[in-house]
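J.: Can you keep this structure in mind? I'll have questions shortly.
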Amino acid sequence: MPRRGNTPIQGEMLQGTLDLLVLRTLVVGAAHGHTIAHAIERDSDEVLQLEHGSPYPRLHRLVDRVWIVAVWGTSENTRRARYDRLTPPGRRQLAEQTSRWQELVRAIDRVLRPA
């Protein structure tokens, strides 16, 4: 549940930043898509809400771009599971997208708070 006063954000605004959020989540290590979604929700104090299954097409796209790599392993319940891991090109992309995001936030702030 989001902190009091924070309305969950879903849809278009979140979709536009999902690559950045997924790449950032994978900095700590390989993770399953479900774990990635929960980490984004948890780390945003539940403000960012991912629709069930929404990370999976994005993960496939990130694999196609070679920003992440899929590895197979065994889950906690001893089932075969796919885990995604950040690649060196993915780390570079994360740095670039983070910089662009920070620039965008500063620009929006200038519009919202004119001198």
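J.: Checking the condition touching a strand residue (DSSP E or B) at 6+ places or on another chain (Cβ under 9 Å) and open to solvent by 30 Å² or more (accessible area, probe 1.4 Å), which residue from HIS32, HIS52 passes?
T.: Values: HIS52 fails: touching a strand residue (DSSP E or B) at 6+ places or on another chain (Cβ under 9 Å).
Answer to the check: HIS32.
J.: Check off (1) assigned to a strand (DSSP E or B); (2) basic (Lys, Arg); (3) open to solvent by less than 50 Å² (accessible area, probe 1.4 Å) for ARG85 and give me the number that stays unchecked.
T.: (3)
J.: Out of (1) modelled with pLDDT of 85 or more; (2) more than 19 Å from ALA95 (Cα to Cα); (3) within 13 Å of the chain's Cα centre (by Cα), the odd one out for SER54 is which?
T.: Going through (1) modelled with pLDDT of 85 or more; (2) more than 19 Å from ALA95 (Cα to Cα); (3) within 13 Å of the chain's Cα centre (by Cα) one by one, SER54 breaks only (1).
J.: May I ask you to verify whether THR74 is of a type in the set (Ser, Thr, Tyr), without any contact (Cβ under 8 Å) to a residue 12 or more places away in the chain and on the phi > 0 side of the Ramachandran plot?
T.: Working: of a type in the set (Ser, Thr, Tyr): yes; without any contact (Cβ under 8 Å) to a residue 12 or more places away in the chain: yes; on the phi > 0 side of the Ramachandran plot: no.
No: the conditions fail for THR74.
J.: Would you check if there is a residue in the stretch 62-80 being in a helix (DSSP H, G or I) and open to solvent by 20 Å² or more (accessible area, probe 1.4 Å)?
T.: Initial filter on the stretch 62-80 (in a helix (DSSP H, G or I)): 62-64.
Then keep just the ones that are open to solvent by 20 Å² or more (accessible area, probe 1.4 Å); that gives 63-64.
Yes, some residue in the stretch 62-80 is in a helix (DSSP H, G or I) and open to solvent by 20 Å² or more (accessible area, probe 1.4 Å).
J.: Out of the residues in the stretch 6-23 that are under 16 Å from ARG61 (Cα atoms) and not in a loop (DSSP other than H, G, I, E, B), state the one that is modelled with the lowest pLDDT.
T.: Quick first cut of the stretch 6-23, residues under 16 Å from ARG61 (Cα atoms) only: 15-23.
Checking the rest, the ones that are also not in a loop (DSSP other than H, G, I, E, B) come to 15, 18-23.
On the way: GLN15: 62, LEU18: 90, ASP19: 93, LEU20: 95, LEU21: 94, VAL22: 95, LEU23: 97.
Looking at the filtered set, the residue picked out is GLN15.
J.: Still on this structure, please answer the following. Are any residues in the stretch 40-49 out of contact with any Leu (no Cβ under 9 Å at 6 or more places or on another chain) and surrounded by 13 or more Cβ atoms within 10 Å (Cβ to Cβ), and if so, which ones?
T.: GLU46, VAL47
J.: Considering only the stretch 97-115, state which residues are of a type outside the set (S, T, N, Q) and within 24 Å of THR35 (Cα to Cα). Show your work before the answer.
T.: Just the residues of the stretch 97-115 that are of a type outside the set (S, T, N, Q), to begin with: 100-101, 103-115.
Of everything in the stretch 97-115, just one residue is of a type outside the set (S, T, N, Q) and within 24 Å of THR35 (Cα to Cα), namely TRP101.
J.: Here's a check for you: in the stretch 88-115, which residue that is under 22 Å from the mean Cα position of the chain (by Cα) and open to solvent by 100 Å² or more (accessible area, probe 1.4 Å) is farthest from ILE68 (Cα to Cα)?
T.: Taking the candidates together, the pick is ARG106.
The values are calculated or read from the model by the stated rules, or taken from the named source; none is laboratory data. Since the structure is predicted, the reported quantities are computational estimates derived from the model, not experimental observations. With ideal geometry, Cβ positions are generated from the backbone for all residues, glycine too; neighbour counts draw on all protein chains shown. The area values use the complete protein model at the heavy-atom level, side chains included, leaving out ligands, DNA and RNA. Shrake-Rupley method; radii C 1.70, N 1.55, O 1.52, S 1.80 Å.
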